[in-house]
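The values are calculated or read from the model by the stated rules, or taken from the named source; none is laboratory data. Note that the structure is predicted; figures quoted are calculated from it, not measured. Neighbour counts run over all protein chains shown; Cβ positions are idealised from the backbone, glycine included. Accessible surface areas use protein heavy atoms only, side chains included; no ligands, DNA or RNA. Shrake-Rupley method; radii C 1.70, N 1.55, O 1.52, S 1.80 Å.
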Amino acid sequence: MKPFDYIRAGEIEDVAGGQIIAGGTNLLDLMKIQVVAPDALVDITRLDGLSDIAEHEGGLRIGALVTNTTVANDARVREGWPLLSRAILAGASAQIRNKATTGGNLLQRTRCPYFYDTSQACNKRAPGSGCAAMGGAGRMLAIFGTSEHCLAAHPSDMAVAMAALEAEVEITNASGETRCVPMNDFYRGPADRPDVETVLGDGDLVTAVILPTPRAGERQTYRKVRDRASYAFALVSVAGSVRMEGDTIKDVALAYGSVAPHPWMDQKVVEMLEGETASNELFQRAAKTLVPETAPHPDTEYKITLLRRTFIAAMRQLTGLADSAGTDISRAHS
Amino acid sequence: MKTTLTVNAREYDVDNDPRRTLLDTLRDDLGLPGTKKGCDHGQCGACTVLLNGERVNSCLCLTAMHDGDEITTIEGIGSPDKLSALQEAFVKHDGYQCGYCTPGQIMSATAMLKEISDGAPSYVSDDLQTASLSDAEMAERMSGNLCRCSAYPLIREAIAMASEVKK
Ligand SMILES: Cc1cc2nc3c(=O)[nH]c(=O)nc-3n(C[C@H](O)[C@H](O)[C@H](O)COP(=O)(O)OP(=O)(O)OC[C@H]3O[C@@H](n4cnc5c(N)ncnc54)[C@H](O)[C@@H]3O)c2cc1C
Ligand code: SF4
Ligand code: FES
Ligand code: FES
């Protein structure tokens, strides 16, 4: 690691002084190989008011420092938003989830191998240097939302669940002013600045994630496909919740992981499904609408089939066409 | 950076470069080499310790961030003449070959058994409301500890045995 000044933040104003560290499970990894080399490190773990899960307008406000384990184990989350518990538990290991925080998980960096290799060109790590993944190896890359400057995918499982649950990110600036942005407006596409990943400005701190009221009676699931059964990043994932009335599909919410620079959502697909009778034929048509025939990198072509199949499997689970482990019913958490 | 740590119920004052990880502090400054360095990047679990009672990878902790915290290492849960139930079960069931991953496995399993008794679910739990110790549950819950010698079946047997003893 390059030397840095260590600052223990006591107040929100201290945050503007350097690179934020929370659980450190992503940042220290990157600092050890000098992909990130801050002059100053601001430890936010002792800031007040960021470590609780509180009831909030029928939903929950999850403080940015609440650990991934605490969210996944919270009785209210397990009851009302089971897909969030499942998604978190599908990620990393118990050790990492004990340390990883809600804010840090949202802001974790990509797993593109060239981002990690300081001898390679990477616009995300060194803006303007180029993109070694183009023409290189890239089976973890995105298939949606990429640009000619970066093809990287966002690796978080938790963020995908939160997008499907229509969560909002609460941001506080150095003067203590707070604003809330929907998950999907929180992340920016790569365009010509892949190094700028979110709408956070200098001195902005993520202070919480707000979950809206759960829809009781919904079936929820998080399906993750990976190279080994556990402790591996997703190749693709599908977070979904559906409410059925008989055979008719009612409210649908879906988000897709490890296929885009941020949790991917597609309103066209939701519209194709809502109000229709659940059937394999419908899901196959929707899967084709969701995933086009071509991928931006030859190594990710397999994701076209994989995401379609995972989507169909998730929809069969959520609509009751298939009985499958890992389907949870959301209860009102009162 | 001056930091006070309580390790295995004993208080230590350390004065470290802020870059020092908890793993290096334990091994190199406090003379507790039981905790192992496998990857130094959070990928193997060899460095697992309990931080305020919860399992974490000590290679991904900066010592300076843990002023006032309580740490338990493999040296703190038993001694050669008084092994913990898990340590004894690993010996009895040959839960290792080279032994390099073993301290991490045992610290991780120590925390895992407590998580199950606290009712914490896992990704493979059928129902998020209950926690059990089936073979599949154990494999999932211990997935943060790799064993290069692949002693996994015997590690799971040892844990199952220790959990019987606990009951
Ligand atoms: C071996 C391994 C396997 C993993 N597998 C998975 C997986 O399968 N799925 C998955 O989803 N994740 C996985 N992860 C990633 C893990 O989830 C993240 O490392 C973790 O969530 C990051 O949280 P943290 O608190 O430790 O963040 P830190 O490392 O402290 O910070 C990460 C980034 O967020 C910024 N930051 C942190 N908090 C805030 C805040 N409140 N406001 C503004 N900026 C902030 C930091 O400046 C930094 O840039 C894995 C990690 C490892 C090491
Ligand atoms: S895909 Fe993005 S992260 Fe990967 S090398 Fe290209 S610019 Fe860097
Ligand atoms: S040495 Fe810490 S996880 Fe490998
Ligand atoms: S016993 Fe050799 S690595 Fe596990």
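Do any residues of segment B:18-38 show a loss of at least 10 square angstrom of accessible area between the isolated chain and the full protein assembly, using a 1.4 Å probe, and if so which?
B:Pro18, B:Arg19, B:Thr21
On the full set of protein chains, 1.4 Å probe, figure out the accessible area of A:Trp264 and give it in Å² to the nearest 10.
60
Using square roots of five times the C-alpha gyration tensor eigenvalues, list the equivalent-ellipsoid semi-axes of segment B:2-76 in whole Å, biggest first.
One finds semi-axes of 17, 14, 11 Å for segment B:2-76.
Helix A:302-319: angle to the longest alpha-carbon principal axis of chain A, degrees 0 to 90, nearest 10?
Taking Cα atoms only, the helix is inclined about 60 degrees.
What nm value, rounded to one decimal, do you get for the distance between B:Glu88 and A:Gln284 when each label is placed 7 Å out toward the C-beta?
A separation of 6.1 nm, rounded to one decimal place.
Averaged per residue, what accessible area in Å² does segment A:218-328 show with a 1.4 Å probe, protein chains only?
Each residue of segment A:218-328 exposes 41 Å² on average to a 1.4 Å probe.
If I build a Gaussian network model for chain B, linking alpha-carbon pairs within less than 10 angstrom, which residue out of B:Thr48, B:Thr63, B:Thr130 has the largest mean-square fluctuation?
Among B:Thr48, B:Thr63, B:Thr130, the largest GNM mean-square fluctuation belongs to B:Thr130.
Ranked from the most accessible area to the least, with a 1.4 Å probe and all protein chains present, what is the order of A:Thr178, A:Thr172, A:Thr289?
Solvent-accessible surface, decreasing: A:Thr178, A:Thr289, A:Thr172.
Evaluate the Kirkwood expression for the hydrodynamic radius of segment A:218-328, namely the inverse of the mean inverse distance over all pairs of different C-alpha atoms, and round to one decimal in Å.
Kirkwood hydrodynamic radius for segment A:218-328: 14.2 Å.
Taking only protein heavy atoms into account and a 1.4 Å probe, give the accessible area per residue of segment B:29-92 in Å².
38
Would you check the accessible area of A:Thr213, probe 1.4 Å, heavy atoms only, in square angstrom rounded to 10?
Taking all protein chains as shown, A:Thr213 has close to 90 Å².
For every other residue with a beta carbon closer than 10 angstrom to the beta carbon of A:Ser237, add +1 if it is Lys or Arg and -1 if Asp or Glu, then tell me the sum.
Net charge in that neighbourhood comes out at +2.
According to the square roots a ≥ b ≥ c of the eigenvalues of the Cα gyration tensor, what is the shape class of segment A:168-258, taking rounded for a/c under 1.5, prolate for a/b larger than b/c otherwise, and oblate for the remainder?
oblate
Taking only Cα atoms, what is the 0 to 90° angle, nearest 10, from helix A:280-290's long axis to the longest principal axis of chain A?
30
Can you pull the percent of the protein assembly as shown's accessible area that's carbon plus sulfur, 1.4 Å probe, other chains left in place?
Its accessible area is 48 percent carbon and sulfur atoms.
Using a 1.4 Å probe and ignoring any ligands, DNA or RNA, find the accessible area of A:Lys288 and quote it in Å² to the nearest 10.
130
Report the accessible surface area buried between chains A and B, summing both sides, using a 1.4 Å probe on protein heavy atoms only, in Å² rounded to the nearest 100.
3400
Give, as a single signed number, the net charge of other residues whose beta carbon lies under 15 Å from the beta carbon of B:Pro103, with Lys and Arg counted +1 and Asp and Glu -1.
Numbers: positive: B:Arg27, B:Lys36, B:Lys37, B:Arg55, B:Arg148; negative: B:Glu75, B:Glu88.
Combined, the nearby Lys, Arg, Asp and Glu give +3.
A:Arg8 versus B:Asn52, label points 7 Å from Cα toward the beta carbon: distance in nm?
1.3
Choose one answer from A:His149, A:His297, A:His56: the residue with the largest mean-square fluctuation in a GNM of chain A with alpha-carbon springs under 10 Å.
The residue with the greatest mean-square fluctuation here is A:His56.
So which residues of segment A:220-250 lose at least 50 Å² of accessible area, probe 1.4 Å, when you go from the chain by itself to every protein chain present?
Listed in order, they are A:Ser230, A:Tyr231.
Most mobile of A:Glu218, A:Glu301, A:Glu57 per a Gaussian network model of chain A (Cα springs, under 10 Å)?
Comparing A:Glu218, A:Glu301, A:Glu57 in a Gaussian network model of chain A, the most mobile one is A:Glu57.
At 4 °C and a viscosity of 1.567 mPa s, what translational diffusion coefficient does Stokes-Einstein give for chain A, taking Rh as the Kirkwood radius over Cα pairs? Give it in µm²/s as a whole number.
64
Mind checking which of B:Val7, B:Leu26, B:Gly45 is farthest towards the positive end of segment B:2-76's charge dipole, using Cβ charges of +1 (Lys, Arg) and -1 (Asp, Glu) about the Cα centre?
B:Gly45
Of B:Ser117, A:Ser324, which has the most accessible area and how do the rest follow, probe 1.4 Å?
B:Ser117, A:Ser324
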